[in-house]
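Here, each number is a calculation from the coordinates, and none is a lab measurement. Worth saying up front: this structure is predicted, and the values here are computed from it rather than measured. Virtual Cβ from ideal backbone geometry, glycine too; neighbours counted across all protein chains shown.
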């Protein structure tokens, strides 16, 4: 029988340089050093474009060593879309562009033709067959789970299949899920025994063992497991000791020597775990409970074929923040397409667009993904670089369209310095605030919401899990203590330009513990709007009537954005207010800033430092307040009239990553508030002016 051993090495766009370096030292380099000692171990390798660029810049000798393995026939290079996007979420032009661009790059680097591709997260929809074939791809690999969902039995997955779309043919190899869980998590002999049994059933079987290369040294504890304790060397030795019946080969060699098993059309799918993560949290728990009930049933091997989770695209529905990134990416892609028609698309703008399509921040499962703020901010960084290269705004613009693809009309205010997106139907909130000199979205925030694994955290509270071992997503480890006490869930999106009326005894602690009583529904309702041009720019008036107690009150917010200005002015007017004492608060969230560094801090007055951005802050009334990120060179200042008191607190999520359950800082929530003591039918007004200043640093 034949075994194809394939690895996928990837570090996402926007990951920290030290993470790349550690992954190289702990995983990529020792794996290569060991393989060079085993010239008879053939393998296939996919390296994502972001990792290949880093390796070429920082360790060119590593690339040369890989190239030598290609030259002697030990290594088969797999291609893919350049920056590891989920292909199905891209416009077709970008799918083809990324595939072709990376095939050319690999051809130049490794001096070899590339016939097959690694499909990011193995997310498959049948239309990809035509796109891949048109890009010159002959084959790809998907999980055996895909094939079982099409009705194929286990003994029908010992080779490869043809599939077709629009008359274009593509070859599909099934990846063994069983081998994914055996290698390297179980003793090496267990995977050899599994292959031996497969050989006994079908002597000419083809098995594919393919998975993330990071499991060989990069993920927690795997370096010691694979190299210090010698798991990988023992496995290689066993593979060679069994060469009389087990032959290591490549995808290309199989295509040349064997015919397809038949034709198959696969349903929309990904690997099994991904389909589970795509489900809403409650459904994930129900599916897990159902599997536990059935896995000991005599018919489980047959039943599991018909038990599946959800659909990858539902991450766009589960997380509005993902849909915002996705919609913004589509907007910039449309700009690039129009520029290309005019022959005005630069290579840099196109590559920035492609980098912003990296898959990791668009979903969440066993890895941090969406929950890692630096990855979300990297998407926006490249989108804004591309945007600024593809269009210029000489006058202030206000436009209305369905910008976030939710079926409702949003508004966009733009000048040469900033682009602001507002949702009148969602509390009149400001949900994206792009600052072009910094290529930074101040509102790349993430709200706190239930996740299925939060039940695991609650169940495991107080129980040590330090000795757990197994496949990565099966491990239960805690990177921070008492996470179960920090599970807070927001009832609205953490954005900006959001208004609240609170009882006058509300405190910062109430906000931290989500115990503040909002006396109105201003953050949820729909606001009417009208825009008008002024001599210097544009004014946008948003208005809403809401009940405050048993009295209807009228609240308006007038936004002013002038030409070439990095200043946003908001004038509040509240009419028909009831008699009494209460608090009016304007909430603003700021993301993409570090919480615990000394050079990221709150300040007031003429620059007096108040504390780090990850710390809560309770400040008496002030006219001038701000946030600073000296590493970015960014200053955000607030000028309030009348003087406003300030509450500020970190928004932190409890999420899952390859290192375990962790607390992650997402944004700083700033509330400018005033305590009001008013007579019946009173009118009250205030003005907040936000100014963005500083000097963007080159990092």
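Over segment 46-148, the ratio between the Cα radius of gyration and 2.2 N^0.38 Å evaluates to 1.09.
Restricting to Cα atoms and excluding each atom paired with itself, what does the Kirkwood estimate give for segment 123-278 in Å? By the Kirkwood definition, the hydrodynamic radius is 16.9 Å.
Would you work out if segment 314-441 is rounded, prolate or oblate? Take a ≥ b ≥ c from the square roots of the eigenvalues of the alpha-carbon gyration tensor; rounded if a/c is under 1.5, else prolate when a/b is larger than b/c, oblate otherwise. Note, shape of segment 314-441 comes out oblate.
On C-alpha positions alone, give me the angle between the axis of helix 60-71 and the longest principal axis of the chain, in degrees, nearest 10. Between helix and principal axis, roughly 30 degrees. Expressed as a whole percent, the proportion of Cα-Cα pairs in segment 475-551 lying more than 19 Å apart is 58%. Once the Cα atoms are used to define both axes, helix 320-341 deviates from the longest principal axis of the chain by about 80 degrees. Here the alpha carbons of segment 1-103 define both size measures, Rg and Dmax, at 14.6, 44 Å. For segment 2-270, the relative contact order is 27 percent, taking Cα pairs closer than 8 Å that sit 6 or more residues apart in sequence and dividing their mean separation by the residue count. Listed peptides 157-163, 190-196 appear in the order 157-163, 190-196 once ranked by packing, highest mean of other Cβ atoms within 10 Å at the front. Applying D = kT/(6 pi eta Rh) to segment 216-267, where Rh is the Kirkwood radius over alpha-carbon pairs, T corresponds to 10 °C and eta to 1.306 mPa s, the Stokes-Einstein value obtained is 112 µm²/s.
Overall, the anisotropy analysis places segment 557-644 in the oblate class: the square-rooted eigenvalues a ≥ b ≥ c of its C-alpha gyration tensor yield a/c not less than 1.5, with a/b not exceeding b/c.
I need the Kirkwood Rh of segment 149-189: take the reciprocal of the average 1/r across all distinct C-alpha pairs and report it in angstrom. The answer is 12.5 Å. Legend: Rg and Dmax of segment 249-345, from Cα coordinates, 20.9, 64 Å. Eigen-decomposition of the gyration tensor built on the alpha-carbon atoms of segment 186-335 gives equivalent ellipsoid semi-axes of 35, 22, 21 angstrom, largest listed first.
Relative to the dominant Cα principal axis of the chain, helix 281-294 is inclined by about 30°.
Within segment 2-270, antiparallel bridges make up roughly 20 percent of the DSSP beta bridges whose residues both belong there. Expressed as a whole percent, the proportion of Cα-Cα pairs in segment 634-699 lying more than 14 Å apart is 74%. The value obtained for segment 502-638, namely the Cα convex hull volume divided by the number of residues, is 150 Å³ per residue. Among the listed options [x] 166; [y] 281; [z] 153, the one matching volume of the Cα convex hull per residue in Å³ as calculated from these coordinates is [x].
Counting only DSSP H runs of at least 4 residues, each contributing -39500 (n - 2.57), and dividing by the residue count of the chain, the helix-based mean residue ellipticity at 222 nm comes to -8000 deg cm²/dmol. Taking a ≥ b ≥ c as the square roots of the eigenvalues of the alpha carbon gyration tensor, segment 2-270 is oblate, as a/c is not under 1.5 and a/b does not beat b/c.
Sorting the segments 67-73, 227-233, 425-431 by their mean number of nearby beta carbons within 10 angstrom, highest to lowest, gives 425-431, 227-233, 67-73. Of the beta bridges in the chain, as assigned by DSSP with both residues counted there, near 80 percent are antiparallel. Take every pair of alpha-carbon atoms less than 8 Å apart whose residues are at least six positions apart; their mean separation over the length of segment 472-694 yields a relative contact order of 23 percent. Based on C-alpha pairs under 8 angstrom that are at least 6 apart in sequence, the chain has a relative contact order of 11 percent. Please compute the Kirkwood hydrodynamic radius of segment 567-699 from all pairs of different C-alpha atoms, in Å with one decimal. Taking every pair of different Cα atoms in segment 567-699, averaging 1/r and inverting gives 16.2 Å. Separation of segment 375-447 and segment 288-314, taken as the distance between their Cα centroids, equals 42 angstrom. Here segment 262-315 yields Rg over Rh of 1.02, to two decimals, using C-alpha coordinates and the Kirkwood radius.
Sorting the segments 216-223, 252-259 by their residues' average number of neighbouring beta-carbon atoms within 10 angstrom, most packed first, yields 216-223, 252-259.
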